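The values are calculated or read from the model by the stated rules, or taken from the named source; none is laboratory data. The model shown is predicted, which means the values in this text are computed figures rather than measured ones. Positions of Cβ are generated from backbone atoms using ideal geometry, with glycine treated the same way; all protein chains shown enter the neighbour counts.
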Amino acid sequence: MIYLDYAANTPVDDSVLETYIEISKKYIANPNSPHALGKAALEELNKATRLMAQLLGVKENELIYTSGATESNNLAIKGIAGQYKKYGHHIITTPLEHSSVSGAVAYLQSKGFDIDYVDIDKNGLVDLDSLKELIRDDTILVSICMVDSEVGIKQHISEIAPIIADKPHCYFHIDATQAVGKIKVPLDGVDLMTFAPHKFYGPNGFGVLFKRENVLLEPLINGGISTTEFRSGTPVLPLIVSTAKALSIAFEKMEERYNYVSELNRMLRDALAQYPKVKINSTDESIPFILNLSIFGAKAEEFQAALSDNGICLSTKSACCAPGTLSRPVYALTKDRKAALSTLRISLSHLTTNDDINTFLACFDAIYNKLVK
Ligand code: PLP
């Protein structure tokens, strides 16, 4: 099997899994219990939180632990809306968002919030003038994916943040789920940031929301204090410690992995550009880990199934999207329904080999010649 779907999920790193098992066995108590075993678990939890905070350049009390990026995005968006609705009901986002952002925003729209979508330019970057025009006195939240999950466009967060910083009651959330562990994430002027370790060889079933100390949120899940009053539930020590481990490995290897994957991406782009009915949708602003293309004259799902039959696993869109629907990010970028209905997403890793790419390309060629009319 050749796996080219690393943007959907990554395999857990061996040493991360070992950490998970070791911590599960060694620390049996709830870190919030006041007895000796609870205190030992809490010490371990604090060590891991300290490490994550150091790596991200934030404070320890600014990290909220959740069940995944979907929950972190929901908590950020609905939490800000619930907390600050007294200042306004206007939210700005982009057409590039993952369903966990667009779904949360659609929910708020159904509750009377006013939603605007900022324009993007031909490379997929947020149009700063459009953002300036859209921001109003009653805008309470701007939510933008730092890297979108389908085309891989990396937004210029440091240029966007100052536009929002001017507004006293407007908060800036970034969904950095496809960015953390792969590229540097600038947090100046950012109030909230989502990520999940299963995108960088960490454990599944865990997410983090960075929330600046001075920002408040209405919780989604009510209960005891846990590690923070903003999200209740017994802290899951093995997930927290193994996430800190995965993050530190990802940070240490970031440059090396980025350069390696860039080379694979270049090989793919050069080869796929030769096909007359293939259009590469990823732009110069896309990260090398994601390569999105449209194949005209064949159904994307059929192409994906044929690749899968030949042992190659990749996505048509984000794994959370309904089949047969168009890719919203590709449509926003190209304004071409056909292109948006026929997308394939190849996502790469430092684990992908040159042989994997060559096998994929040979298989792609055979299927293209058979299916594309
Ligand atoms: N945001 C982005 C950009 C994603 O790519 C994903 C997952 O693909 C999510 C959020 C949701 O992540 P999770 O599966 O951890 O809920």
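Quick notes on this one:
- Close Cβ contacts (under 6 Å, 6 or more residues apart or on different chains) running from residues in the stretch 194-210 that are on the phi > 0 side of the Ramachandran plot to residues that are surrounded by 24 or more Cβ atoms within 10 Å (Cβ to Cβ) comprise 201/246.
- Residues located in the stretch 32-46, provided they are assigned to a helix (DSSP H, G or I) and in contact (Cβ under 8 Å) with a residue 40 or more places away in the chain: 41, 44, 45
- Selection count, the stretch 79-94, where residues are away from the ligand (no atom under 12 Å from the Cβ), within 15 Å of residue 173 (Cα to Cα) and touching a helix residue (DSSP H, G or I) at 6+ places or on another chain (Cβ under 9 Å): 5
- Across the stretch 174-230, the qualifying residues are those that are acidic (Asp, Glu) and more than 10 Å from the ligand (Cβ to nearest atom), and the one among them that is farthest from residue 55 (Cα to Cα) is 218.
- Residue match in the stretch 109-130 (condition: within 30 Å of residue 249 (Cβ to Cβ), surrounded by 15 or more Cβ atoms within 10 Å (Cβ to Cβ) and out of contact with any Asp or Glu (no Cβ under 7 Å at 6 or more places or on another chain)): no
- Hits in the stretch 153-209 (condition: at pLDDT 95 or above and of a type in the set (Lys, Arg)): 154, 182, 184, 199
- Test: residue in the stretch 6-18 that is charged (D, E, K, R), within 23 Å of residue 68 (Cα to Cα) and not in a helix (DSSP H, G or I): yes
- Filtered residues of the stretch 10-64 (kept if within 27 Å of the chain's Cα centre (by Cα) and farther than 25 Å from residue 209 by Cβ): 14, 15, 18, 21
- Residue pairs whose Cβ atoms lie under 8 Å apart, separated by 6 or more positions or on different chains, with the first residue in the stretch 149-165 and closer than 26 Å to residue 327 by Cβ and the second modelled with pLDDT under 95 and of a type in the set (Gly, Ala, Ser), are 149/318; 150/318; 150/327.
- Answer from 243, 283 - the residue that is out of contact with any Asp or Glu (no Cβ under 9 Å at 6 or more places or on another chain), β-branched (Val, Ile, Thr) and farther than 27 Å from residue 324 by Cα: 243
- Residue match in the stretch 259-282 (condition: within 21 Å of the chain's Cα centre (by Cα) and among the small types (Gly, Ala, Ser)): yes
- Single residue of 295, 312, 290 found to be touching a residue at least 60 places away in the same chain (Cβ under 8 Å), surrounded by 21 or more Cβ atoms within 10 Å (Cβ to Cβ) and either in contact with a Cys (Cβ under 8 Å, 6 or more places away or on another chain) or at positive phi (or both): 312
- Qualifying position, being farther than 16 Å from residue 329 by Cβ and in contact with a strand residue (DSSP E or B) (Cβ under 8 Å, 6 or more places away or on another chain), among 111, 154, 167, 132: 167
Here's the yes/no breakdown for (1) touching a residue at least 12 places away in the same chain (Cβ under 8 Å); (2) crowded, with 21+ Cβ neighbours inside 10 Å; (3) within 16 Å of the ligand (Cβ to nearest atom); (4) closer than 27 Å to residue 149 by Cα:
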position: 14; (1), (2), (3), (4): no, no, no, yes
position: 30; (1), (2), (3), (4): yes, no, no, no
position: 69; (1), (2), (3), (4): yes, yes, yes, yes
position: 77; (1), (2), (3), (4): yes, yes, yes, yes
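- Residue within the stretch 51-61 that is in contact with a helix residue (DSSP H, G or I) (Cβ under 9 Å, 6 or more places away or on another chain), among the basic types (Lys, Arg), in contact (Cβ under 8 Å) with a residue 60 or more places away in the chain and not assigned by TED's automatic domain parsing to the domain that holds residue 286 present: yes
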